[in-house]
Structure formats: C-alpha cells, structure tokens
1. Condition first: within 25 Å of S166 (Cβ to Cβ) and aromatic (F, W, Y). Now tell me which residues in segment 47-104 satisfy that.
2. Go through (1) touching a His at 6+ places or on another chain (Cβ under 9 Å); (2) under 26 Å from R40 (Cβ atoms) for C104 and report which single condition fails.
3. I need the full set of residues from segment 143-163 which are crowded, with 16+ Cβ neighbours inside 10 Å and either assigned to a helix (DSSP H, G or I) or modelled with pLDDT of 95 or more (or both), in order please.
4. Assuming I44 fulfils every condition listed in (1) under 27 Å from N112 (Cβ atoms); (2) outside any loop (DSSP other than H, G, I, E, B) apart from one, which condition is it?
5. Within segment 164-194, which residues are among the hydroxyl-bearing types (S, T, Y) and without any contact (Cβ under 8 Å) to a residue 40 or more places away in the chain?
6. Going residue by residue through segment 164-180, is there one that turns out to be within 18 Å of S38 (Cα to Cα), under 18 Å from the mean Cα position of the chain (by Cα), at pLDDT 90 or above and polar (S, T, N, Q)?
7. Among the residues of segment 31-90, count how many are in contact (Cβ under 8 Å) with a residue 40 or more places away in the chain and among the hydrophobic types (A, V, I, L, M, F, W, C).
8. Might you let me know whether segment 64-84 holds any residue that is at pLDDT 95 or above, exposed (fewer than 10 other Cβ atoms within 10 Å of the Cβ) and out of contact with any helix residue (DSSP H, G or I) (no Cβ under 7 Å at 6 or more places or on another chain)?
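The values are calculated or read from the model by the stated rules, or taken from the named source; none is laboratory data. Only a predicted model underlies this, so the values are computations on that prediction, with no experimental measurement involved. Because the Cβ atoms are built from the backbone with ideal geometry, glycine has one as well, and the counts that use them run over all protein chains shown.
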Amino acid sequence: MSVPRVPSPAATPAMPAPAIPAEPASPAPLLAVRLKPSFRLAAILGTAHFAAIGLLWPLMVPPGIKLAGSAMLAASLVLYWRHHIARRSRRSILGFELTEDMHCILETKEGNIACMILGSSFVAPYLTVLELKPLESPEESTGSSVTKPREWRGWWRNHRKHFSRSLVILPDAIDAEAFRQLRVLLRWKWKDPD
C-alpha cells in the first residue's frame, strides 16, 4: 500500500495573500454618552405645563379659549415628553460624542449629525445646556438650494436636520462620571470659535 505524498511547504509556490483594503482608523472620541430618561426634567416639564394650565382657568376669558389653551398646553407637554424624556420622536437625541477637536456628533433616529458647540452653551454642576449648530449647511449636502415644488416634503426633511439644537442635560440623564467629564471638557478644553 502506498502512502500519498504530501508536498513540503518549501516545494509549493507561495500564494499572495488577498489584498484587504485598509479602513482609515477613526479617532476614538474623547467622551461618548448614551442619554437616559431624566426624571428631574420630567418633573420640571410636568410642573411647568400643569401650572400654566392652572393659571389659565382663573382668567376672565371665555371658556372656549380656556379649553383651547389647556389643549395646546397638554399637546405641548406630550410633544416635549416624547422628544426630551421618552426620546421616541425621530429627531430625539439618543446620545452624543465629543471629538478631539471638540465637535459634537449627535446620534438621532434620523442618523448622526456633526455639530459645532456654540458659545451660548451653559455648564454648571446641576445643569448643562449644549447649544449646537450643524457643521454642514443644507446647500452643501444637497448641492443647491433650489428644489422642485413636488420635492417639498423631502426638502423639509433634508433641511430640518441643519437647524440649531439645544441639548439639556441634567445629572440624572447620564452617568455621574460622564457628567463630570463632560463639564470638565467643556470648561477647560473647549474654546469658543468666535
């Protein structure tokens, strides 16, 4: 019985390894934060809306106006609740990252948006408000500012992500250490671009 002969590694020609395209290494963010529902913000929003409804009823105006005002305030509470507390609306900010050059990348259900932090931002131990302006203008992303009449709905969706945004962060909305790091970065590393 003959044994099959296995060629030695030196005898076989070397096959070149398949070329794998190298992906550019994205720098790690300075801080990556996933936002949680803030019970303090929920209490503030609820108290403010219900107080406004309560102050509306003693006024000497027709009952129809009181009902309409109450309905609008209740609708406002629902919209702000969905957007800022439950984070269920399409434009809700789910998380963010601060990059090395102190730009903020917002994570929304519509996609990521790179923003510049404005000088009107507020930093304190009890509250941080980030005023953010998107880096890319609508004309840069679409190529032109002229749209056809039938593209109105698409135009609005493409352009509304370029509006300035405010991100309200209370201490219970993120991890305590992340909140401390955010405040330190905003106070000492960030410089107002103006």
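1. Those that are within 25 Å of S166 (Cβ to Cβ) and aromatic (F, W, Y): F50, Y80, W81, F96.
2. (1)
3. Correct list: W155, H159.
4. So the condition that I44 fails would be (1).
5. Matches in segment 164-194: S166 only.
6. Looking through segment 164-180, at least one residue is within 18 Å of S38 (Cα to Cα), under 18 Å from the mean Cα position of the chain (by Cα), at pLDDT 90 or above and polar (S, T, N, Q).
7. Within segment 31-90, residues that are in contact (Cβ under 8 Å) with a residue 40 or more places away in the chain and among the hydrophobic types (A, V, I, L, M, F, W, C) number 10.
8. Yes.
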